[in-house]
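Participant: Dropping a structure here in structure tokens format, bear with me for questions.
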Amino acid sequence: MATFVDRVVLHLQAGDGGHGCISIHREKFKPFGGPDGGNGGHGGGILMEVDPNVHTLLDFHFHPHIKATNGKGGAGNNREGANGGDLVLKVPSGTVVQTLDGEVIADLVGAGTTLEIARGGRGGRGNAALASARRKAPGFAELGEPGDRLDVVVELKSVADVGLVGFPSAGKSSLISVISAAKPKIADYPFTTLVPNLGVVQAGEHVFTVADVPGLIPGAAAGKGLGLEFLRHIERTAVLAHVVDTATLETDRDPVADIEALEAELAQYGGLEDRPRIIVLNKIDVPDGRDLADITTPDLEKFGWPIYQVSAATREGLQDLVYALARMVEEHRAAAPVLEPTRIVLRPKAVDDSGFEIAQDRAGVWVVKGTKPERWVRQTMFDNAEAVGYLADRLARLGVEEKLGKLGAQPGDPVRIGEREFDWQPTIYAGKDFTPGNRFTDERLEDDITRPRAAERLAARKARRERPEGDTAGDEWLPDERDLRAADDDDDDDDL
């Protein structure tokens, strides 16, 4: 008999994006034909799709670590890397995906329902895509972005129209075996059923499913016995059928007390108050069982639910029960709201949304959070000075430098973006009309270059205008013409 698994923790890892390529086109008589490094391919994502032919999470129980393929790196001659293939996980209808903390990510019901649970990383751009009018031949490329990595709890809540609930050995397995083609394990000892069993029942033109839930006992909603593990399987049922053993050998039990005890557990579990009920008095083929059913029927009428006396052994009364269940299921389906196709929701960017947020933590580190800056940092080659300078320009154009200055950040303060931490060194050249120099380098990051600050250059120019003619003191540190032009354009030193 196949093992039934209805809860498993999955360790998901989407594919990483491929790195962009650094390449210069070269051929005879044309040693420098321009950049031709191709882009890296995107990493494969991980999707979950409801498949009506899948009824358990058994495959995930044995293979909880799931990884999609990575994207391939770009190559020269403008060749782009191949994308990683998406990995589609087939799950049963009624699968609930949650975080480890219990937060519901998605509730997958209905054949074909699909969820992208882990997104593959973007491929990095090659130097051909990074070329511009000022940067003719970039000496760097972007790294591929890592794919999503997360742990999720996948839980199965069986989708059935009728849920059979009752004490252990009440005859639920026997009942589902005779009204459907299901073949559950049947024995005369408690907790024979260790896993839910699903059966398809046909009553004339109506077809519905029945779930045989493992026996409940008092305290099941608090975790006693097997109750908590399988109470969730009746959450989606349209009708609850109380199966009562009228031939029990326990003298301290009677049908009324059994139903009251089960209703107390269902009420404690919650969410099942609106489900229609039906009472099934089973095992009337036993003489004492039939007598007890006749005696207790008037007392059971106080619940206001239909009552049927049946025998799973002789199949007495089963036809009336099946058709009654079919009517109740059809009434529930008719009253249920019509499912509408999923609507596409557009969420435009707010007019005052800068795309990032900056806050200072308790340790005094300025933390920059935002999709763009965090992605840019992940894709930067930090062993390449030109790539770091390019990152500084992008952050300055986004407004990160300006906002840091307005919030009171001082030169040398630690700044963290994603998993990288920097010492903030503002300079007027970041994000402006900076013309790159040699490939792989950036003169703004060279340690031996000491540039006067913007305020110092302005003060020097003012002092030179005001000093007497012929006085040359202090000329050794006066800025050159390029510094003066930059000082004219900038009034502060908040930019990179």
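Participant: What number of residues in the stretch 111-137 are farther than 30 Å from residue 439 by Cβ and touching a strand residue (DSSP E or B) at 6+ places or on another chain (Cβ under 6 Å)?
Facilitator: Looking only at that region, the number is 7.
Participant: Hey, another quick one. Return only the number of the condition from (1) at pLDDT 90 or above; (2) in a loop (DSSP other than H, G, I, E, B) that residue 351 does not satisfy.
Facilitator: (1)
Participant: What are the residue pairs meeting all of these: first residue in the stretch 14-25, first residue polar (S, T, N, Q), second residue open to solvent by less than 20 Å² (accessible area, probe 1.4 Å) and in a loop (DSSP other than H, G, I, E, B), Cβ atoms under 8 Å, and 6 or more apart or on different chains?
Facilitator: Close Cβ pairs (under 8 Å, with a partner that is open to solvent by less than 20 Å² (accessible area, probe 1.4 Å) and in a loop (DSSP other than H, G, I, E, B)) amount to 23/36; 23/37; 23/38; 23/76; 23/126.
Participant: Only one of (1) of a type outside the set (A, V, I, L, M, F, W, C); (2) buried (at least 20 other Cβ atoms within 10 Å of the Cβ); (3) in a helix (DSSP H, G or I); (4) modelled with pLDDT under 70 fails for residue 229. Which number is that?
Facilitator: Of (1) of a type outside the set (A, V, I, L, M, F, W, C); (2) buried (at least 20 other Cβ atoms within 10 Å of the Cβ); (3) in a helix (DSSP H, G or I); (4) modelled with pLDDT under 70, only one is false for residue 229: (2).
Participant: Which residue, of 248, 193, is at pLDDT below 60, β-branched (Val, Ile, Thr) and open to solvent by 10 Å² or more (accessible area, probe 1.4 Å)?
Facilitator: 193
Participant: Residue 128 passes all but one of (1) outside any helix (DSSP H, G or I); (2) open to solvent by less than 40 Å² (accessible area, probe 1.4 Å); which number fails?
Facilitator: Evaluating residue 128 over (1) outside any helix (DSSP H, G or I); (2) open to solvent by less than 40 Å² (accessible area, probe 1.4 Å) leaves (1) as the failure.
Participant: Can you find, within the stretch 6-24, the residue that is nearest to residue 149 (Cα to Cα) among those that are open to solvent by 20 Å² or more (accessible area, probe 1.4 Å) and outside any loop (DSSP other than H, G, I, E, B)?
Facilitator: Selected residue: 13.
Participant: In the stretch 261-308, which residues are in a helix (DSSP H, G or I) and among the polar types (S, T, N, Q)?
Facilitator: The answer is 268, 296, 297.
Participant: Report the residue count in the stretch 91-118 for those that are surrounded by fewer than 19 Cβ atoms within 10 Å (Cβ to Cβ) and either part of a loop (DSSP other than H, G, I, E, B) or modelled with pLDDT of 95 or more (or both).
Facilitator: 10
Participant: Do any residues in the stretch 281-303 that are within 13 Å of residue 247 (Cβ to Cβ) and touching a residue at least 60 places away in the same chain (Cβ under 8 Å) have Cβ atoms under 8 Å from those of residues that are hydroxyl-bearing (Ser, Thr, Tyr) and part of a loop (DSSP other than H, G, I, E, B), where the two are at least six apart or on different chains, and which pairs are they?
Facilitator: 282/246; 282/311; 283/246; 283/311
Participant: Tell me whether the stretch 80-90 contains one or more residues that are of a type in the set (Val, Ile, Thr) and either modelled with pLDDT of 90 or more or open to solvent by 80 Å² or more (accessible area, probe 1.4 Å) (or both).
Facilitator: Yes: one or more hits.
The values are calculated or read from the model by the stated rules, or taken from the named source; none is laboratory data. Predicted model, so just to flag it, every value in this text is computed and none were measured. Methodologically, a virtual Cβ is constructed for each residue, glycine included, from the backbone with ideal geometry; neighbour enumeration extends over all protein chains shown. Protein only, heavy atoms only, side chains kept; ligands, DNA and RNA dropped before computing areas. Shrake-Rupley method; radii C 1.70, N 1.55, O 1.52, S 1.80 Å.
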